[in-house]
1. In the stretch 173-240, which trypsin sites (Lys or Arg not before Pro) are in a loop and have at most 13 other Cβ atoms within 10 Å, using DSSP for the loop call?
2. In whole Hz, with x marking every Gly and Pro, tabulate ³J(HN,Hα) for the stretch 60-70 from phi via Karplus 6.51 cos²θ - 1.76 cosθ + 1.60, θ = phi - 60°.
3. Over all directions, average the projected area of the Cα convex hull of the stretch 12-113 and note it in nm².
4. Based on C-alpha coordinates, I'd like the Rg and Dmax of the chain, in Å.
5. Hey, which lysines would be in cross-link range of LYS14, C-alpha to C-alpha under 28 Å, not counting anything within fewer than 8 residues on its own chain?
6. In nm, to one decimal, how far is the ALA20 label point from the GLN139 one, both placed 7 Å along Cα→Cβ?
7. Using a 10 angstrom Cβ neighbour count of at most 15 plus a DSSP loop assignment to flag exposed GluC sites (Glu not before Pro), which longest range of the chain is free of such sites?
8. Extension gain LEU262-LEU53, at 0.36 nm per residue separation less the Cα-Cα distance, in nm?
Amino acid sequence: MKQIIVNEFGGPEKLLLQDAPMPSAGDGQILIKVEASGVNFSDSLHRQNTNVLPTPLPYVLGYEVAGIVTELGKGVENISLGDRVVAMLPEGGGYAQYAVTPSFLAAVIPPTISAQESLALQVQGLTAYLMLKDGAKLQAGQTVLIHSAAGGVGTLLVQIAKQMGAGKVIAAASNAEKLAVAKSLGADELINYTESEWVQKVKDATGGKGVDLILSGTGGEILRNSFSCLAPFSRLVIYGSSGGSTTIEEPFSLFAMGSNILQVFGLAPYFGKPELMQEAYQYLFSQAATGKLKVYIGQTFSLEDAAEAHRQMENRKTTGKIVLIP
């Protein structure tokens, strides 16, 4: 089979196509013939060895795939041969034509949802739903500011926040094209955070009160300026740092904002909460199947063009979900 491997850390050019032995399913595992692989910003961090945990070499990137189950390991009961599934791969290995993962990290895809759509509903969808429902605990009527609102997570956050009863959804992005995407998905207000006065525009959109909740995957200067957009007793949830360091240089300045001001969200701890994962999958699949949740596939690339996918992602030229087709 073919796979993309990283033998040394560095830029996108370090993603190399190679032949590899066919993997097999161990106890409790399934083997998937991959129809589509998801590309996420964390993949670029692993490629550069700048993720929270060190990346071992050699390494095959990719933490989510969709495809057909071709082999069952001993003890697998929740998945059948021939099932079309979307699955998480906590150890990587998704940039390949075949992938192995524990069966409890897979979900059967409804027939009305494509492999590519299921990927957009997985890492990004699970992140969006669980962050709003269990992490931030969004309350009806609250005002929400969503950064990177045209990205894979952002496009779903905009929609799910509206469905959960947010009073106003303010979408922020870096250009008019991306803001138009957010508007088409139901955003109430649009903010271009490359403009110097963007913080004031957020305040104006809330009548000077500030927002109740900020969801930020950007980091950097955008994150630091975001604190000025918050209302008292509000929350800012960090779920990524695509725009740079998330260092908060003066935490004591946040005391005036009230309790629970800052929260960090990650999907990995939910792997140990299968009941919440299944609740999220059920919600996402049912909403997408009935057309109530629009899945935005931004760009697709062949497996051998994985390096170009990383270049475009890192240059912020992508919208929606990025997918590799083996």
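1. In loop regions of the stretch 173-240 (DSSP not H, G, I, E or B), the sparsely surrounded trypsin sites (Lys or Arg not before Pro) are LYS209.
2. Each residue of the stretch 60-70 in turn: 9, 6, x, 10, 7, 9, 10, x, 9, 6, 10 Hz.
3. So the mean shadow area of the Cα hull is 6.9 nm².
4. 19.7, 61
5. Within the straight-line cut-off, LYS14 pairs with LYS2, LYS33, LYS317, LYS321.
6. So the two model labels end up 4.8 nm from each other.
7. Here the longest segment lacking exposed loop sites spans 92-194.
8. 73.0 nm
Read-outs: derived from the displayed coordinates by stated rules, not from any lab. Everything numeric here is computed off the predicted structure, so don't read it as measured data. Please note: Cβ atoms are built from the backbone with ideal geometry, for glycine as well, and neighbour counts cover all protein chains shown.
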